[in-house]
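Here's the structure we're looking at; comments come further down.
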Protein chains: 2
Amino acid sequence: MSVIEDVFSYVDENRDRYVELVKRLVSQPSVSATGEGINECADLVAEALEEHGVRAYTYTDHGGSPVVFGEVKAEAHATIMFYNHYDVQPPEPLDEWVSDPFNPKVAEGMIVGRGTADNKGNIAARIAAVDALFNTLGEVPVNVKFLIEGEEEVGSPSLARFVELHQQLLFADGCVWEYGYRDKLGRPVLNLGVKGLLYVELEVREGRGDLHSSWGALVENPAWRLVKALSTLRDERGRVMIDGFYDDVEEPGQRVLEMLERIPAEVYDASTLFGARVLEVENPARRLLLEPACNVCGLYSGYIGAGSKTVLPAKASAKLDFRLVPRQRPEDILAKLKKHLSNMGYGDVEVRMLQGYPAARTDPEEPLVELITSTAAEVYETEPVVLPSGYASGPMYIITNTLGIPCVSTGVGYYGSKPHAPNENIRIQDLITGIKHIALTMLRFHRALH
Amino acid sequence: MSVIEDVFSYVDENRDRYVELVKRLVSQPSVSATGEGINECADLVAEALEEHGVRAYTYTDHGGSPVVFGEVKAEAHATIMFYNHYDVQPPEPLDEWVSDPFNPKVAEGMIVGRGTADNKGNIAARIAAVDALFNTLGEVPVNVKFLIEGEEEVGSPSLARFVELHQQLLFADGCVWEYGYRDKLGRPVLNLGVKGLLYVELEVREGRGDLHSSWGALVENPAWRLVKALSTLRDERGRVMIDGFYDDVEEPGQRVLEMLERIPAEVYDASTLFGARVLEVENPARRLLLEPACNVCGLYSGYIGAGSKTVLPAKASAKLDFRLVPRQRPEDILAKLKKHLSNMGYGDVEVRMLQGYPAARTDPEEPLVELITSTAAEVYETEPVVLPSGYASGPMYIITNTLGIPCVSTGVGYYGSKPHAPNENIRIQDLITGIKHIALTMLRFHRALH
């Protein structure tokens, strides 16, 4: 048997042990929004790394939740990094789960539990790949670094500080980003980037208290002010109407446009995927993956209970997120938003920034892209779908921009994994194939990147 | 001592007992929006009437919340009616109350609690006036009818049906409407009318569930749809932009315009009254009292908790009230609103009518107006402010139009009573003076109206 066949056989034979590892990680709650179980989960992840031959170090000197750094020093000149996070979204609404979100259930070839897809199944897959190589070859043919943080689901507020403090630890030739999924046709979907994020709260607040709504004939209503202000921000087709919003958006290069052409409708066809109404846009894939956007996440004023209450509210607020593309800077967009509101006569709308970080993309010409694409094609036995950028956001810029390391995202989820939602799950077969994909990528890493 | 002096002394001596009556009524929650305590409050009101010499009958045959009808049959040919309601607005937001809204607090000469001004203090004042006359004169010099409903705050949906079923019960020569207040100079403000009301809920609902907000680049967001639709309804100066909205608005007559001229700024100057920002309008008194308006009472979509959640909501809703003037019909305005939304391209905005009734006004030449104005001048020792219409709404049309009975509104509130808002309150001195005003009006009623 070849080395590859040996490794893959080992992975198949140890299937139950790797499923147990996923279950063990998922069983430990780790909700960054509330802090529940965060420290315990960091300890558990460090323990799991050590048990599988990875030296683990837990850092807290950056002032945030523990970052678990894992390392295998091999007799090699090439270094691969895995970025993951051990924190999860809150499990609510609990009554929609078929089983306890933190007591993972295995049935019909699936593991159901909070964090199975996002992101503990992927942590387990990467540890398992190292384990399989150690146990088959007696060594790992590439230096390995695990960067596993605990604040991703709340915007990674202290990761940049961690990287600043420990830049010398974090050298690598390429990084495998946290997640990925298989589409309905079984194709693995790989991402070469993420969007940036600017999350703001808009508020109009009157000096007075609530009034009887009959005064609405004469008294300024903050809900009207907010509605009028918001209506100036975006047109009916979703184009943002803030002056200068698109100034820093670059035309995609030829290579990226070619990638766009090849993206199957299954990736972006929200009508089929969710039964959603979609905006009338010329090129949906381009809009979703390569263009910035502005979304209302929340809207609130006055009485929102059952029935009717006649009140003239004292305040009104909205939560908005802007999804940004490379070269758009959150602080600049924030300034343009404020200027727009002021210019349009809505200087009474206060703007507070709650989160902000830039986008990140890896050049499709990077050897890492070819490596991960080809190993995926081999392991999944089908051509992967490669996206020039995903539509979600994440702190990838810290890897690509601060550290200068190319990043590609792949993982063990599938189209039905329900990340952030009740009954989050992965399929065991995807876990096993995902482990093989990571193992094969490590086997080929040195030759491909050096 | 004269009869009047006897009655007034009796009222002063029984001040604590009357305050207790207010507290007892306020202590019983009766939120028509949710149904909380409605039946219990009807029973309590009937009990209070009976205890003070008024025969009480509770009706439910009209299919709504109980209507409490109270009657004193006197040796008189004239009949006075009191219209009131025992239901109250929801107490929310609870954290802005200085004390429990349903555990009324007496301090610094005030009673604080939900319903003190609107409308239980007035129920108590009218019962107290009957009580004082009984206990001073041994009889009441006019037939008295109490019509006390439990659905006023939700638009009196079944009062018209009650009146249709029991029209023979409801003959009267004049009606004292539910409420009134004193302005900052101590002048009682009397109303000869109310505005009509159309209360609607607008909703945009998607067939899909909530999505991750990164899909906002491509997927229709009901919050954006709602914001855009709402922004077409009203201009910056509060003029309603629905086609045909002002078609049925009549020019006020000469007598009403003269009354308008005499209205002091204290009545409508919301800037001084509440520290409110006011709309730029040519004639604030006319806008507030005689012109229709459209107000946002509530706005809701997506995530409104602390911090940030990146969600693309599945629905968005708004609550609006339209204040109408005579000849505007709620059904007609509703149809015009729907047509406007459809014409503007917002046919996906569903409109549900929650309340609707027309405006009502009593002719300033009615003898009842002169009676209540002159008794007010005598008791309050200052010239009252008489408004051709109030700016609030109520089902007065059932009295004035269906039954043909003139109506004047007066009551025990003051400019700081905060109806519908946290810390609703009345001043005990206003309660006592208000009781005297009602008692004197009853004493003079027969002579003035027959």
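The values are calculated or read from the model by the stated rules, or taken from the named source; none is laboratory data. Model, not experiment: these values are computed from the prediction. Glycine gets a Cβ as well: all are built from the backbone with ideal geometry, and neighbour counts include every protein chain shown.
Look at region B:390-418: where a residue is farther than 19 Å from residue A:310 by Cα and a partner is crowded, with 24+ Cβ neighbours inside 10 Å and among the acidic types (Asp, Glu), sitting 6+ places away or on another chain with Cβ atoms under 8 Å, you get B:409/B:178; B:411/B:178; B:412/B:430; B:414/B:430.
Would you check if residue A:265 is closer than 30 Å to residue B:319 by Cα and of a type outside the set (Ser, Thr, Tyr)? When the stated conditions are applied, residue A:265 does not pass them.
Exactly one residue out of A:35, A:64, A:70 is assigned by TED's automatic domain parsing to the domain that holds residue A:117 and on the phi > 0 side of the Ramachandran plot: that is A:35.
Filtered by the rule that a residue be crowded, with 24+ Cβ neighbours inside 10 Å and closer than 12 Å to residue B:302 by Cα, region B:212-226 gives B:213, B:221, B:222, B:223, B:224. The set of residues from region B:438-450 being of a type outside the set (Lys, Arg) and either more than 24 Å from residue B:142 (Cα to Cα) or surrounded by fewer than 24 Cβ atoms within 10 Å (Cβ to Cβ) (or both) comprises B:440, B:443, B:446, B:448, B:449, B:450.
The residues of region B:150-164 that are more than 14 Å from chain A (Cβ to nearest Cβ) and either farther than 16 Å from residue B:403 by Cα or surrounded by fewer than 23 Cβ atoms within 10 Å (Cβ to Cβ) (or both), listed by number, are B:158, B:160, B:161, B:163, B:164. Against the list (1) in a loop (DSSP other than H, G, I, E, B); (2) surrounded by fewer than 21 Cβ atoms within 10 Å (Cβ to Cβ); (3) of a type outside the set (S, T, N, Q); (4) in contact (Cβ under 8 Å) with a residue 40 or more places away in the chain, the condition residue A:255 fails is (1).
Does residue B:325 satisfy the condition of being in contact with a His (Cβ under 8 Å, 6 or more places away or on another chain) and either at pLDDT below 95 or not hydroxyl-bearing (Ser, Thr, Tyr) (or both)? So residue B:325 does not fit the description; no.
Put simply, of A:322, A:245 the only residue that is within 19 Å of residue B:302 (Cα to Cα) and more than 9 Å from chain B (Cβ to nearest Cβ) is A:322.
Of the residues making up region B:134-146, at least one is touching a Leu at 6+ places or on another chain (Cβ under 9 Å), in contact (Cβ under 8 Å) with a residue 40 or more places away in the chain, among the acidic types (Asp, Glu) and not assigned by TED's automatic domain parsing to the domain that holds residue B:353.
Hey, could you check region B:256-273 for residues that are closer than 19 Å to residue B:237 by Cβ and touching a helix residue (DSSP H, G or I) at 6+ places or on another chain (Cβ under 8 Å) and say which is farthest from the other protein chains (Cβ to nearest Cβ)? Here the answer is B:269. With respect to the conditions (1) touching a strand residue (DSSP E or B) at 6+ places or on another chain (Cβ under 6 Å); (2) within 11 Å of chain A (Cβ to nearest Cβ); (3) crowded, with 19+ Cβ neighbours inside 10 Å, residue B:180 falls short on a single one, namely (2).
Only one entry of A:171, A:162 meets the criterion of being over 28 Å from residue A:321 (Cβ atoms) and assigned by TED's automatic domain parsing to the domain that holds residue A:31, and that entry is A:171. For region B:353-362, a residue qualifies if it is over 14 Å from residue B:329 (Cα atoms) and in contact with a Leu (Cβ under 8 Å, 6 or more places away or on another chain), and the qualifying residues are B:361, B:362. Being more than 26 Å from residue B:66 (Cα to Cα), outside any strand (DSSP E or B) and not hydrophobic (A, V, I, L, M, F, W, C): is that true of residue B:118 here? Taking the combined requirement at face value, the residue does not satisfy it.
Exactly one residue out of A:231, A:213 is in the same structural domain as residue A:312 (by TED's automatic domain parsing), free of Cβ contacts under 8 Å to residues at least 40 places away in the same chain and of a type in the set (Ser, Thr, Tyr), and it is A:231.
Residue A:356 meets the conditions (1) under 17 Å from the mean Cα position of the chain (by Cα); (2) of a type outside the set (Val, Ile, Thr); (3) within 14 Å of another protein chain (Cβ to nearest Cβ); (4) part of a loop (DSSP other than H, G, I, E, B) in every case but one. The failed one is (4).
Here region B:201-224 is the region considered, the condition is being within 29 Å of residue A:153 (Cβ to Cβ) and either more than 7 Å from every other protein chain (Cβ to nearest Cβ) or of a type in the set (Asp, Glu) (or both), and the residue that is nearest to the chain's Cα centre (by Cα) is B:204. Of A:281, A:267, all but one fail to be under 19 Å from the mean Cα position of the chain (by Cα) and surrounded by fewer than 21 Cβ atoms within 10 Å (Cβ to Cβ); the exception is A:267. If the condition is being under 20 Å from residue A:245 (Cα atoms) and in contact with a Phe, Trp or Tyr (Cβ under 7 Å, 6 or more places away or on another chain), then region A:294-316 contributes A:294, A:296, A:297.
All of (1) in contact with a Gly (Cβ under 8 Å, 6 or more places away or on another chain); (2) surrounded by fewer than 24 Cβ atoms within 10 Å (Cβ to Cβ); (3) within 26 Å of residue B:425 (Cβ to Cβ) hold for residue B:109 with one exception: (1).
Residues in region A:407-420 that are touching a helix residue (DSSP H, G or I) at 6+ places or on another chain (Cβ under 8 Å), surrounded by fewer than 24 Cβ atoms within 10 Å (Cβ to Cβ) and of a type outside the set (Ser, Thr, Tyr): A:418, A:419, A:420. Inside region B:331-348, residues that are away from chain A (no Cβ under 13 Å) and closer than 23 Å to residue A:277 by Cα make up a count of 6. Residues that are part of a strand (DSSP E or B) and under 17 Å from residue A:312 (Cβ atoms) were ranked within region B:280-312; the one that is farthest from the other protein chains (Cβ to nearest Cβ) is B:294.
With the structure loaded, tell me whether residue A:276 is of a type in the set (Gly, Ala, Ser), modelled with pLDDT of 95 or more and part of a strand (DSSP E or B) or whether it fails that test. For residue A:276, the condition - of a type in the set (Gly, Ala, Ser), modelled with pLDDT of 95 or more and part of a strand (DSSP E or B) - is not met.
Let's see how each residue does on (1) assigned by TED's automatic domain parsing to the domain that holds residue A:221; (2) more than 30 Å from residue B:316 (Cβ to Cβ); (3) among the aromatic types (Phe, Trp, Tyr):
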site	(1), (2), (3)
A:314	yes, no, no
A:338	yes, no, no
A:382	no, yes, no
A:394	no, no, no
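Of A:103, A:84, all but one fail to be polar (S, T, N, Q) and under 22 Å from the mean Cα position of the chain (by Cα); the exception is A:84. Only helices (runs of 4 or more DSSP H) whose full extent lies in region A:1-104 are considered here, and the ones with at least 2 residues that are of a type in the set (Lys, Arg) are A:15-27.
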